[in-house]
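Comments concern the structure below.
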Amino acid sequence: MIARVIVDVPSRATDRPFDYAIPDAMAGWVEVGSRVGVPFGGRVLQGFVVGIAPFAEVDARKLKPVAELLDHLPPLSPDLVELGQWIAEKYCCPLTTALQAMIPSALKGKADSVVRLSEDAAAEPDGLFVAEEEPWLRYLRQQGGEARLALLQERFPEAAASVKAAIGRGTLEERVSIRDRLAVRKVLTVYPSEDADAVRAELANASARAAKQREAAQYMLEHAEPIPLAALAQALATTTGTIRGAEAKGWLAIRETEQRRDPYAGRGFGKTAPLRLTEGQQAVYDELAKAVDDASPRVFLLHGVTGSGKTEVYLQAIERCLKDDRQAIVLVPEIALTPQMVERFKGRFGDAVAVLHSRLSSGERYDEWRKIREGRAEVAVGARSAVFAPFKRIGLIIIDEEHESSYKQEESPKYHARDVAVRRANQHGAVVVLGSATPSLESFVAATASRGGLETAGEGAAAKRGASLLPMPDRVAGRPLPKVHVVDMRDELKDGNRSMFSRQLHEGLLRRLERGEQSVLLLNRRGYSTFVMCRSCGYTAQCPHCDISLTYHQKSRALRCHYCGHAEQEPKACPSCESEHIRFFGTGTQRVEEELAKLFPGIRVIRMDVDTTTEKGSHEKWLTQFGNREADVLLGTQMVAKGLDFPYVTLVGVIAADTSLHLPDFRAAEKTFQLLTQVAGRAGRHELPGEVIVQTYNPEHYAIVSARHHDYASFVREELKHRRFMAYPPFCRLILVTLSHEQLALVIGEGEKLAGALRDLARAAGIRGSDEGDGSRFMDVLGPVASPIPRMKDRYRFQCMLKYRGNVGAADLLQQAIAQLAGTNGQPPVTMSVDVDPQMIL
């Protein structure tokens, strides 16, 4: 048989399967989805098998054999390989890039040279080496005659010439293999002897000089449970050498065993029972349960206000799914994947839950992934990449806060987890639930439109499948939504209040401090100040590598670029005119924290932003402290706006509601409304009533007015007017192509060639622009124009935008246009990034 292999070279020129012969020793082991090492261009590279075929289809004599099989169990199932092919086609990326996105980073192997003693050298060690046996050779013999070449070079740098000479003489053999970035963790473990009676007899007559060895053996007989060697040595206050001595006498055994890296080991999650559902929850659950039992692909949009009990519905729907012997995937935004969320699922389903997210170490993620693949988990909870969890019997996929832009990956492959989930559901006959208090316009329009009108809603997940709308308009136990007050900061200025806190917010914080209640403050901007400017000459501190202002961070007294990471020391004088009148403008979370300490002496503040949550476990630490009421105020960026449920939070304050309102993005109003609604939902979720204070300079904007009244319907009506007039989603679809290079002229030139080629191909295919046809089928090519951030990391950036509707094959036309730009190596002369259905256009 032959293996059709996608080699791990993310290039358009090599984006096709290559044929390799399957050696007899691997027959029956190499399958679709297997990871293999294959010779390619003089190297051995990792690849994925995407097909198996008989020799008759090709001339076997011309084929190189597969060099090695990297896993005894394929990391990808055939359905995931098919899903990868769909992703590559839909999102215009190489297939190897799509397949790599589905496996843990631990399995993204690289070539590694291994040297071993030849058979002659191993059989006749004397006389084969001219010089006296060297240290590196002794080490090699200790390792069983084989070791990594890089390890030899690192341990014995002076032996490079000797090792090369040995390879040249044939004394050493070199071969190249693929080495994973991470392996299964193994530890030396002590086991009690299998013949306990014999050991007891020997211990009774043992020498007094072997007291510690006898103690170790006695301990193992009494406990009769395996224990890590290091732990036993610590428990007995002895050395590992002493325990090895007991092993040599046959009193106990020491073996290497796997140690699983469980990020939640020892937590002791309390077991929870299903809660009694409200009438609204029960109606939604009944619909979902029926669909799960039918085992046919369905998409539901669960539109439930904050605090309506969506999570309990999820939990009971998953329980129904598990009873049908099927598996479930739950996706939540990365910033909402809090310990609270994990505790709810672990408390209900225990060890059957695997958790996958970026705050785990690579080893922990690898072991959680293996837990799923080996069938020890039935529920996967995680961020967007958990949609690729290697389950074989998926019955339910839940996407909580489905409107979140974090479900769209910003690096290749630029997939949207929502669309991938629907595709997987079709493969498995599963149900998809899109849950949100503020659904994306694309999903909401699709779910409320008639079947005949779904075409206008684009090709989002809900649109393609005719999603059903499930409303949950009331909070649990009839609790009211919090009252929202909008403060016009222009009036505050007129009244002489130049503080970042309005009088109303100041008084609200004071009342909570007096009553021992808690508050959440949102400012979607980290750092101390947003830019540094000289009042004498107008100089603004800019990043030398990006066209963006530097942000001042007071703790480190440094200016930082939040795009490329460039940092420089706080200036004492203006670098341009040497004036001392250099000032910090704008407000970041650090500055708010400082101001709170000044206005409310003794106030306890926890700040959560990118700067304070970089360490592993920091999210959990801060939220646990806040949940234990060790702080009065939780201050942060959008990571405090969702997924939090604390009974004593009765006040939510939004410092600057306009932060995202005027971004150069057609979704700016939608994102502002969603953020305000979500953060408002953190208040008054339990017995105590909640209050929300929103500070803004645009109180009349419809996004803020609608958020004030918790009126999603009125926001949708107003926003859709603008979208329809400007022909933006959900009334069309977009593809954003960003070109970048160090040379500005080259970027502009290639951008113009790409736009021209696209227009020519569209005309040849009979596709007209939006102002030429009837509007049901069109494609416009906009640009090239400079990106909103025209230079980043010393590379100039221009972009072209495709707007289209109907079946126009835009992705295929784009691939053809890019191929026309390709140089001799099959690659365009500039770096090109394709984003289908972009969520960000910055």
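Laid out as a table, the results:
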quantity	calculated
Some residue of the range 557-575 being in contact with a Leu (Cβ under 6 Å, 6 or more places away or on another chain), at pLDDT below 85 and not assigned by TED's automatic domain parsing to the domain that holds residue 505	no
Residue in the range 301-357 that is farthest from residue 641 (Cα to Cα), counting only those that are of a type in the set (Ser, Thr, Tyr) and over 20 Å from the mean Cα position of the chain (by Cα)	314
Long-range neighbours under 7 Å by Cβ, at least six apart or interchain, first residue touching a residue at least 60 places away in the same chain (Cβ under 8 Å) and not assigned by TED's automatic domain parsing to the domain that holds residue 384 within the range 407-428, second part of a helix (DSSP H, G or I) and surrounded by fewer than 19 Cβ atoms within 10 Å (Cβ to Cβ)	none
The range 483-509 - residue that is in contact with a Phe, Trp or Tyr (Cβ under 7 Å, 6 or more places away or on another chain) and either over 23 Å from residue 706 (Cβ atoms) or of a type in the set (Lys, Arg) (or both) and, of those, surrounded by the most Cβ atoms within 10 Å (Cβ to Cβ)	509
Selected residue (criterion: surrounded by the most Cβ atoms within 10 Å (Cβ to Cβ)) from residues of the range 132-159 that are small (Gly, Ala, Ser) and closer than 23 Å to residue 39 by Cβ	147
In the range 725-753, the residues that are within 26 Å of residue 90 (Cβ to Cβ), of a type in the set (Val, Ile, Thr) and in contact with a Pro (Cβ under 8 Å, 6 or more places away or on another chain)	735
Residue ranges of helices (runs of 4 or more DSSP H) in the range 219-331 with at least 2 members under 26 Å from residue 473 (Cβ atoms) and among the charged types (D, E, K, R)	279-294, 310-323
Residue in the range 503-525 that is over 30 Å from residue 688 (Cβ atoms), of a type outside the set (Val, Ile, Thr) and either at pLDDT below 90 or not assigned by TED's automatic domain parsing to the domain that holds residue 613 (or both) present	no
Enumerated strands (runs of 3 or more DSSP E) restricted to the range 732-842, each holding at least 1 residues that are crowded, with 19+ Cβ neighbours inside 10 Å, in contact with a strand residue (DSSP E or B) (Cβ under 9 Å, 6 or more places away or on another chain) and without any contact (Cβ under 8 Å) to a residue 60 or more places away in the chain	778-792, 795-805
Pairs, first in contact (Cβ under 8 Å) with a residue 24 or more places away in the chain and assigned by TED's automatic domain parsing to the domain that holds residue 231 in the range 192-219, second surrounded by fewer than 11 Cβ atoms within 10 Å (Cβ to Cβ) and of a type in the set (A, V, I, L, M, F, W, C), C-beta under 6 Å, six or more apart	192/224
The range 293-309 residues that are within 21 Å of residue 440 (Cα to Cα), paired with ones that are outside any strand (DSSP E or B) and of a type in the set (Phe, Trp, Tyr) (beta carbon under 9 Å, 6 or more apart)	301/444; 302/314; 303/444; 303/712; 305/712
Which listed residue, of 412, 406, is surrounded by fewer than 21 Cβ atoms within 10 Å (Cβ to Cβ), in a loop (DSSP other than H, G, I, E, B) and of a type in the set (Ser, Thr, Tyr)	412
Tally, over the range 29-86, of residues that are of a type in the set (Val, Ile, Thr) and under 26 Å from residue 424 (Cα atoms)	7
Odd one out for residue 10, checked against (1) surrounded by fewer than 17 Cβ atoms within 10 Å (Cβ to Cβ); (2) in contact (Cβ under 8 Å) with a residue 40 or more places away in the chain; (3) not in a loop (DSSP other than H, G, I, E, B)	(3)
Pairs, first farther than 11 Å from residue 293 by Cα in the range 311-331, second among the polar types (S, T, N, Q), C-beta under 7 Å, six or more apart	312/281; 313/281
Hits in the range 645-671 - residues which are closer than 19 Å to residue 516 by Cβ and surrounded by 21 or more Cβ atoms within 10 Å (Cβ to Cβ)	649, 650, 651, 652, 653
Residue check for residue 190: within 30 Å of residue 374 (Cα to Cα), assigned to a strand (DSSP E or B) and modelled with pLDDT of 80 or more	yes
From 52, 103, residue being out of contact with any Leu (no Cβ under 6 Å at 6 or more places or on another chain), β-branched (Val, Ile, Thr) and either modelled with pLDDT of 95 or more or over 15 Å from residue 8 (Cα atoms) (or both)	52
Residue in the range 691-702 that is polar (S, T, N, Q), buried (at least 20 other Cβ atoms within 10 Å of the Cβ) and under 20 Å from residue 623 (Cα atoms) present	no
Count - residues of the range 253-308 that are over 30 Å from residue 226 (Cα atoms), touching a helix residue (DSSP H, G or I) at 6+ places or on another chain (Cβ under 8 Å) and surrounded by fewer than 17 Cβ atoms within 10 Å (Cβ to Cβ)	4
Sole exception among (1) touching a residue at least 60 places away in the same chain (Cβ under 8 Å); (2) buried (at least 20 other Cβ atoms within 10 Å of the Cβ); (3) of a type in the set (A, V, I, L, M); (4) farther than 26 Å from residue 513 by Cα for residue 623, by number	(4)
Number of the exception - residue 679 against (1) modelled with pLDDT of 95 or more; (2) in a helix (DSSP H, G or I); (3) crowded, with 23+ Cβ neighbours inside 10 Å	(1)
Members of the range 642-671 that are modelled with pLDDT of 90 or more and of a type in the set (Ser, Thr, Tyr)	648, 650
The range 160-212 - residue that is surrounded by fewer than 17 Cβ atoms within 10 Å (Cβ to Cβ) and in contact with a Pro (Cβ under 8 Å, 6 or more places away or on another chain) and, of those, nearest to residue 46 (Cα to Cα)	187
Unique residue being part of a loop (DSSP other than H, G, I, E, B), under 25 Å from residue 285 (Cα atoms), of a type in the set (A, V, I, L, M, F, W, C) and at pLDDT 95 or above when the list is 386, 377	377
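The values are calculated or read from the model by the stated rules, or taken from the named source; none is laboratory data. All figures in this text were calculated on a predicted structure; none of them were measured in a lab. Every residue, glycine as well, gets a Cβ built from its backbone with ideal geometry; the counts of neighbours run over all protein chains shown.
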